[in-house]
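Have a look at the structure below, then the notes.
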Amino acid sequence: MSFITEYPVSDFLPASPHCESADSSVAEIQQSVWTIFCAVVDNFGDIGVCWRLARQLNREHGCRIDLWVDDLDAFARFQCKPEWSAMKGTCIDDIEVRYWSMSHPLSIKRMAEVAESAVIIEAFGCELPEGIATAMASVSVAPLWINLEYLSAESWVQEYHGLKSMISTPEKTLHKTFFFPGFVDGTGGLLREKGLIERHESWQSNEDFERARLLKDLGLVDLCHQRIDLLVSLFTYESAALEGWFDTLIRGQERVLCLVPEGRVLTSVAACFGLDAAPTAGDVLTRASLTVAAIPFLSQSEYDRLLSLCDFNLVRGEDSFVRAQWAGKPFLWHIYPQHDDVHMLKLDAFLRLYSEKDDCGLARFWHCWNLGEDCGDLWHYLRPQLPRLREQAREWRQKLAQMPDLAGNLVQLYRNRQ
């Protein structure tokens, strides 16, 4: 049996200097093991967030990380390292990556090791392997148990962030804290590693040069010498809205280059060009003013560079959605579809924060795309607004950058628990 109670606000505030020295606090963090459980539900959003979190906790805070993934094939594809799929346990970039599955329980010994962690994070509500809670209740000091929730801009997030559930076991009562990422104070913030904003500013300070280098790195040398009036990236789910938008770009006067990393939307690209099969990396399709280039699935750092150098980014899910905001460029969010269009409420909640006065038509364009409607005519109005939307995107990025980042907030929660 479990119930929800409020988590003390003090646990999310900076530690008092009178409680312990900064040196001892840092040393304790660096000696601690943090265990993250990730279930790869669909695509790469879940593992993308978990991998970024694991690396930041390790690199910036010195935490020792055990990352448990239930789909190593997906993890290997996400990392562009197919050979990793056969590894049931290996160290990658100082992160211990391990395999778990609800259908294959962990050994008693392994569960006991996990229970000795300082922090256990179940990402996005994935249930811990059977027996872990019992093992946690058996140790003298139970780990800090955190349920890292999905990102949402809805107003209720602030109310529920930091609440905890009390789980009764025969040995003792455990507490699970609900941790909500968010865009405003009173939430867990967003993942933002050190130097991220500076990297984007560096790429964008000499955009023409960096774009040419990007195209060369992608193997698109011939396109470096062609006129490109608008550079866009397309990494969304399949969408019926794509055909109308592409048709508008084809009939337009400016030369548009659309870069499409390998993914689900390439099936929609194929339909738009009348192809029997989806394009693969290296394929370049041109029709009148529009050129579409299929490119390899990119590493996280390479994808950040792509977002930074494009004039307009179409992104999906959670991880690429957040990274598009750090890029400081105009973007469209293709939110993961849910039953009864519940996802549209989440979309509108974010738009209310991001674009309070939508006189640029951005919200209408987002709505049409997410509903699978023809948004070609809307592009005629939205396209001239891109310079203004770029300024808005940079202002939004600056606002977000004033907030503590998600990894730092998690560390602060752990530190204040001591």
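The set of residues in region 225-256 being within 25 Å of the chain's Cα centre (by Cα) and open to solvent by less than 20 Å² (accessible area, probe 1.4 Å) consists of Leu231, Val232, Ser233, Leu234, Thr236, Tyr237, Ser239, Ala241, Leu242. Mind checking whether some residue in region 303-310 is under 18 Å from Glu238 (Cβ atoms) and either open to solvent by less than 10 Å² (accessible area, probe 1.4 Å) or of a type in the set (D, E, K, R) (or both)? No: zero hits. Could we say that His343 is surrounded by fewer than 20 Cβ atoms within 10 Å (Cβ to Cβ) and more than 23 Å from Trp203 (Cα to Cα) here? Yes: the conditions hold for His343. Taking each residue of region 109-127 that is at positive phi and looking for partners that are in a helix (DSSP H, G or I) with beta-carbon atoms closer than 6 Å, six or more apart or interchain, yields Phe124/Asp46. Scanning region 327-340 for any residue that is surrounded by 19 or more Cβ atoms within 10 Å (Cβ to Cβ), within 18 Å of the chain's Cα centre (by Cα) and part of a helix (DSSP H, G or I) turns up at least one such residue. Looking across region 348-384, the residues that are of a type in the set (Phe, Trp, Tyr), out of contact with any Leu (no Cβ under 8 Å at 6 or more places or on another chain) and either in contact (Cβ under 8 Å) with a residue 60 or more places away in the chain or within 16 Å of Trp396 (Cα to Cα) (or both) come down to Phe350, Tyr354.
I need every pair where a residue in region 393-410 that is aromatic (Phe, Trp, Tyr) has its Cβ under 7 Å from the Cβ of a residue that is open to solvent by less than 30 Å² (accessible area, probe 1.4 Å), sequence separation at least 6 or different chains. Matching pairs, first to second residue: Trp396/Gln325; Trp396/Tyr354. The residue that is modelled with the highest pLDDT, among those in region 39-53 that are open to solvent by less than 10 Å² (accessible area, probe 1.4 Å) and touching a Leu at 6+ places or on another chain (Cβ under 7 Å), is Leu53. For region 97-116, the candidate set comprises residues that are hydroxyl-bearing (Ser, Thr, Tyr) and out of contact with any Lys or Arg (no Cβ under 9 Å at 6 or more places or on another chain); within that set, the residue that is most open to solvent (accessible area, probe 1.4 Å) is Ser103.
The criterion of at least 2 residues that are open to solvent by less than 50 Å² (accessible area, probe 1.4 Å) and closer than 26 Å to Asp304 by Cβ is met by the following helices (runs of 4 or more DSSP H) wholly inside region 136-224: 196-205, 207-217.
The values are calculated or read from the model by the stated rules, or taken from the named source; none is laboratory data. No experiment lies behind these values; they were computed from the predicted model shown. Ideal geometry is used to build each Cβ from the backbone, glycine not excepted, and the neighbour counts take in all protein chains shown. Each accessible area value is taken on the protein alone, full model and side chains, heavy atoms only, with ligands, DNA and RNA left out. Shrake-Rupley method; radii C 1.70, N 1.55, O 1.52, S 1.80 Å.
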